[in-house]
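Here the structure comes first, spelled out in structure tokens, and everything after it is commentary.
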């Protein structure tokens, strides 16, 4: 198996109140293509920062992040944007749908950005897969939290990403809805063969992945394969 | 790696801009509404400018009333009359001078401009009268046309009579309009037409009288007036005669109206700039609300420039739409401008829509709203996709973004460029841009200072409702500063107008307080001098000054004649020095309003050598004259060689006689002269009886009293003030539109605040009070800022320009301040109705 994501001695330091605050300290790991893994840890441990670095949303202070054999440190903002559009999918805790776009349009955006044609059938198919074909013309405010997260799932898979980053995907949902969304997430992931990197507090959710990396105080405290 | 540009599609950007704007279109339009008024003002004024040019071109002949006018301040020399006879196909003659008109019906009298006319003038246009036929008929009878303001003032009717000098004329008609006359000119000098044939009988045409002699010519259709004038010009100049043709009149009128529309368009441009600052501030808030959506788009792979373009396209769209709406409104307003400006126009203005003005307004509006919106828009480039994960993630501060400075520069250049296009004078454009920037900075500085002071020294013991209302002005994303600036600027305009108006009126009133003279009698012939003095004494009036005046012209300066000066431009002598008539007095002492600044005051002329004269300092400086220069005067035919012996500083304030040139005693005593008498009459009633007595006994003597000066000044200021108030209105309205847009933009925030307060137990009344007080503070801050700026400006004017005591009329100013506050509260509350009446539950649902 090939590695899709490689982190080597990654450090992230923020300036806070005139002092350096080391949020990530010497993080190194690799992720195999097509695998699933979870990053867990208490609040403030650096999970989200790590996810941001892996997905090319932020830059490390030192060390290197390699995604799909491309060193993210060497890319400029626009190149990173193109990479995200081509290879990465995102799921967020607060869904992050564009409020002015309908469910269908939200799903179409990544494909439109690529300049692809005839994308409506694919977007509709994805909405159907998440059970929202009949809500395709509804705006985010007209959808419940669970429905919004399902739209965001459809959007995340629409550009057939090689790696999917999910930040607390069930954090804003009740238990029952969480169950449905998680089921969908893993099903779609399996079908598409996408690598999945999850950041979560929820140990039950983490347990469903193949590997769990625990972060504490900005360092990896354990790295277990299941 | 695949190039990012591959998936860059402008079409997609358009679609995204359209989609993203879906829920904000009305709000976007609201942002842009603040420029609508500015655009409307400009389109209306440009259109007016185009219409004026068109009307002047069409009506130029009726402005002059003839093809050619030749005029002079003294009788046309006999030698030139044969030449005049050869011009054109028809000729009319007019003599114009100031004299008292006496209304026997009620004993009223007033100074008017008498026009004694002979011939068929005007050849183009009409003397508009009621009844209509009177305009022609009066010429054949002992009849007069009397200006309608005079008729109204003295309650005279057609058929009544007026007395001019020794002759009584029947009023044949009410004069509504004469060629070239404006509302302003009739205020200053209402006209009375009489037939020239009766002028001699009136006895008003005496030596020393200040009469203008005019000749009007009509040319045949095929004759070329310009060519003909070109031929006779040298002779006319040699005889010191002025000429006017339709073409030159067109140019002159066009020039003065260009100045007017230029001034108005600059005031309109200020309203537009205020609106643009409103746009920039509203777009800033809009972008802040869109931060998450932008960050998410960035996560999904949208380039920073693409994200920027999505919002730029929206602004271009609404900017264009706003400008179109502004242009439509401008086209409507333009229909009312002729009414606003009617007192300034010497012709009837026919308005038509100028498409050039509309296009200009739309292009200008779109460009300038984009330019100002760019300031907040460029921050989109720096929004990190990481915001999606961390709401608190702050994008690095972009205050030092070089692009921001570039935009400031472009805005500055744009203002400069626009102003240059209006003024065609780089220095003026630079001064205007600098002044606008300075005025905005002063207003901003004043507003900021006032806001800080209020916050700092606000009594903490005041009730919660007051403190909360004040705190609301400082809520995040507030637009308090721009509101204070725009409403404040409008207030400043109006307050300055009131302050300067009272300043000018005060100045005249003050200058005649105490024992200063307030009535002037002039054109007193030498033989009438003693009887008039006796009359004044009989009425118990003090003779404050009795001054002889001798009219003369200047023939040479240091040996150079006007012809020499025209030939040799290196002489640095102004041609105008020769063209004018000098009214000179002679005495052995200085008056209280004079002071020698250079040279020596000579009391009595020496037996031989040039006559030592004294010249007013400013006049000497303007014309490059100094001590020792020799001047050859022509005193009604007799040459008089003089030399400047002293320069005087003269205080021109007040009603008294002041002179550019003063002769010593012992030279002019026997020259043809007339006299001016200054006295003081304390009551209006005795002033009227005295004037009546003078006019009855000495009909050629003219009288000016303070009451008349004040009345004329007041009417003039009222007319000019109307135009300024009209333009200030645009600025205040823009401020109020920005206010409406700001209230609506912050509606959600206000809704949340109000819901939270309701949840915490605040009554509807308390919330209403907080909201009303918030607008009260805003209105008060704005109007007081404007008032303070106006106060400082007017004080500087009073102190340095008018050099008079500074007084403030409290009542009208308080009225303005409270009106502005009241308007702000009313508009604020009207737009907050929705907020006050919403139930908390509804809001929670909406939030879900």
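Summary of values
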item	result
Residue among B:497, B:503, B:535 that is more than 24 Å from residue B:659 (Cα to Cα), surrounded by 14 or more Cβ atoms within 10 Å (Cβ to Cβ) and not assigned by TED's automatic domain parsing to the domain that holds residue B:735	B:535
Any hit, the stretch B:266-277, residues being in contact (Cβ under 8 Å) with a residue 12 or more places away in the chain, surrounded by fewer than 16 Cβ atoms within 10 Å (Cβ to Cβ), over 21 Å from the mean Cα position of the chain (by Cα) and away from chain A (no Cβ under 14 Å)	no
Residues that are modelled with pLDDT of 90 or more, within 15 Å of the chain's Cα centre (by Cα) and in a loop (DSSP other than H, G, I, E, B), drawn from the stretch A:14-66	A:33, A:34, A:35
Failed condition for residue B:105, given (1) in contact (Cβ under 8 Å) with a residue 24 or more places away in the chain; (2) surrounded by fewer than 20 Cβ atoms within 10 Å (Cβ to Cβ); (3) under 18 Å from residue B:232 (Cβ atoms)	(3)
Condition check for residue A:68: closer than 21 Å to residue A:115 by Cβ, more than 8 Å from every other protein chain (Cβ to nearest Cβ), touching a strand residue (DSSP E or B) at 6+ places or on another chain (Cβ under 9 Å) and surrounded by fewer than 24 Cβ atoms within 10 Å (Cβ to Cβ)	yes
Condition broken by residue B:51, with the remaining ones in (1) over 30 Å from residue B:213 (Cβ atoms); (2) in contact with a helix residue (DSSP H, G or I) (Cβ under 6 Å, 6 or more places away or on another chain) satisfied	(2)
Test for residue B:51: is it over 31 Å from the mean Cα position of the chain (by Cα) and either within 14 Å of chain A (Cβ to nearest Cβ) or touching a residue at least 12 places away in the same chain (Cβ under 8 Å) (or both)	no
Hits in the stretch A:97-107 (condition: part of a helix (DSSP H, G or I) and either at the interface with chain B (Cβ under 9 Å from one of its Cβ atoms) or surrounded by 23 or more Cβ atoms within 10 Å (Cβ to Cβ) (or both))	A:103, A:105, A:106, A:107
Options B:372, B:344: the member that is surrounded by fewer than 21 Cβ atoms within 10 Å (Cβ to Cβ) and more than 14 Å from chain A (Cβ to nearest Cβ)	B:344
Some residue of the stretch B:370-381 being assigned by TED's automatic domain parsing to the domain that holds residue B:259 and either within 30 Å of residue B:259 (Cβ to Cβ) or within 28 Å of the chain's Cα centre (by Cα) (or both)	yes
Qualifying position, being assigned by TED's automatic domain parsing to the domain that holds residue B:651, modelled with pLDDT under 90, closer than 27 Å to residue B:672 by Cα and surrounded by 14 or more Cβ atoms within 10 Å (Cβ to Cβ), among B:590, B:631, B:571	B:590
The one condition in (1) at pLDDT below 90; (2) more than 27 Å from residue B:57 (Cβ to Cβ); (3) touching a strand residue (DSSP E or B) at 6+ places or on another chain (Cβ under 9 Å) that residue B:124 fails to fulfil	(2)
Residue A:94 more than 11 Å from chain B (Cβ to nearest Cβ), part of a loop (DSSP other than H, G, I, E, B) and modelled with pLDDT under 90	no
Filtered residues of the stretch A:108-141 (kept if within 11 Å of chain B (Cβ to nearest Cβ) and either in contact (Cβ under 8 Å) with a residue 60 or more places away in the chain or part of a helix (DSSP H, G or I) (or both))	A:108, A:109, A:110, A:111, A:112, A:113, A:114, A:140, A:141
Exclusive hit being crowded, with 16+ Cβ neighbours inside 10 Å and out of contact with any strand residue (DSSP E or B) (no Cβ under 7 Å at 6 or more places or on another chain), set A:215, A:182	A:182
Which numbered condition residue A:176 misses (of (1) over 17 Å from the mean Cα position of the chain (by Cα); (2) under 30 Å from residue A:79 (Cα atoms))	(2)
Count of residues meeting criterion [more than 9 Å from every other protein chain (Cβ to nearest Cβ) and assigned to a helix (DSSP H, G or I)] in the stretch A:79-91	1
Failed criterion for residue A:161 (all others in (1) more than 13 Å from every other protein chain (Cβ to nearest Cβ); (2) in contact with a strand residue (DSSP E or B) (Cβ under 6 Å, 6 or more places away or on another chain) hold)	(1)
Qualifying residues in the stretch B:5-20 (those that are crowded, with 20+ Cβ neighbours inside 10 Å and at the interface with chain A (Cβ under 7 Å from one of its Cβ atoms)) - the one modelled with the highest pLDDT	B:20
In the stretch B:124-140, the residues that are in a helix (DSSP H, G or I) and surrounded by 14 or more Cβ atoms within 10 Å (Cβ to Cβ)	B:134, B:135, B:136, B:137, B:138, B:139
Residue in the stretch B:211-225 that is more than 22 Å from residue B:89 (Cα to Cα) and buried (at least 17 other Cβ atoms within 10 Å of the Cβ) present	yes
Pick from the stretch B:297-332, criterion surrounded by fewer than 21 Cβ atoms within 10 Å (Cβ to Cβ) and at the interface with chain A (Cβ under 9 Å from one of its Cβ atoms), ranking: nearest to the chain's Cα centre (by Cα)	B:305
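The values are calculated or read from the model by the stated rules, or taken from the named source; none is laboratory data. Quick caveat, the model's predicted, so the values are computed rather than measured. Virtual Cβ from ideal backbone geometry, glycine too; neighbours counted across all protein chains shown.
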